[in-house]
Amino acid sequence: QVQLVESGGGLVQAGGSLRLSCAASGLTVSRSIVGWFRQAPGKAREFVARIWWSAYTTHYADSVKGRFTISSDNAKNTVYLQMNSLKPEDTAVYYCAATQWDSTPPKPDDYDYWGPGTQVTVSS
């Protein structure tokens with residue numbers, strides 16, 4: 001049974017940083033595509049970043065390029081999202097998801113497994 005569990009969310013001031021973690025069980029992150037998505041109130045879920053470790057590739061939404069970094073610790077079977085220079089518009093529930101294939105740009109429907117999400121709130 002695949003489980004993804006996010007952690008690391010919280011309240012931070014604009015300009016601050018947070019690191020989200022996605023601990024996986026039932027799948028191997030180094031053999032999967034693992035992505036981060038977010039959903040703000042009243043808005044659709046949107047792609048943030050994804051990592052395909054075996055292909056040595058990462059991909060970011062334009063809105064987070066240069067501020068967010070996705071990485072993985074294969075020994076811990078965990079994927080991270082380092083978020084710097086946070087803005088109020090980054091406020092959302094952040095979800096970790098996994099799949100064996102996705103499109104470009106990645107879409108939520110491409111992903112088979114999802115975590116319950118973690119809230120990130122950025123105050124101005």
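The values are calculated or read from the model by the stated rules, or taken from the named source; none is laboratory data. From a predicted model like this one, the values you see are computed outputs, not experimental measurements. Heads up, the Cβs are rebuilt from the backbone with ideal geometry, glycines too, and the neighbour counts pull from every protein chain shown. To get the accessible areas, we keep the full protein, side chains included, count just its heavy atoms, and leave off ligands, DNA and RNA. Shrake-Rupley method; radii C 1.70, N 1.55, O 1.52, S 1.80 Å.
When the criteria are applied in full, T69 meets the requirement of being among the β-branched types (V, I, T), within 20 Å of A14 (Cβ to Cβ) and either part of a loop (DSSP other than H, G, I, E, B) or modelled with pLDDT of 95 or more (or both).
Can you confirm whether Y94 is hydroxyl-bearing (S, T, Y) and open to solvent by less than 20 Å² (accessible area, probe 1.4 Å)? When the stated conditions are applied, Y94 passes them. State whether the residues of the stretch 20-29 include one that is modelled with pLDDT under 95 and within 15 Å of the chain's Cα centre (by Cα). Checked against the condition, which is being modelled with pLDDT under 95 and within 15 Å of the chain's Cα centre (by Cα), the stretch 20-29 yields at least one hit. Among the residues in the stretch 37-56, are any crowded, with 18+ Cβ neighbours inside 10 Å, polar (S, T, N, Q), under 19 Å from V122 (Cβ atoms) and in contact (Cβ under 8 Å) with a residue 40 or more places away in the chain? No, because not a single residue in the stretch 37-56 is crowded, with 18+ Cβ neighbours inside 10 Å, polar (S, T, N, Q), under 19 Å from V122 (Cβ atoms) and in contact (Cβ under 8 Å) with a residue 40 or more places away in the chain. Note on the stretch 64-81: residues that are within 17 Å of T121 (Cα to Cα) and either open to solvent by 60 Å² or more (accessible area, probe 1.4 Å) or of a type in the set (F, W, Y) (or both) total 1.
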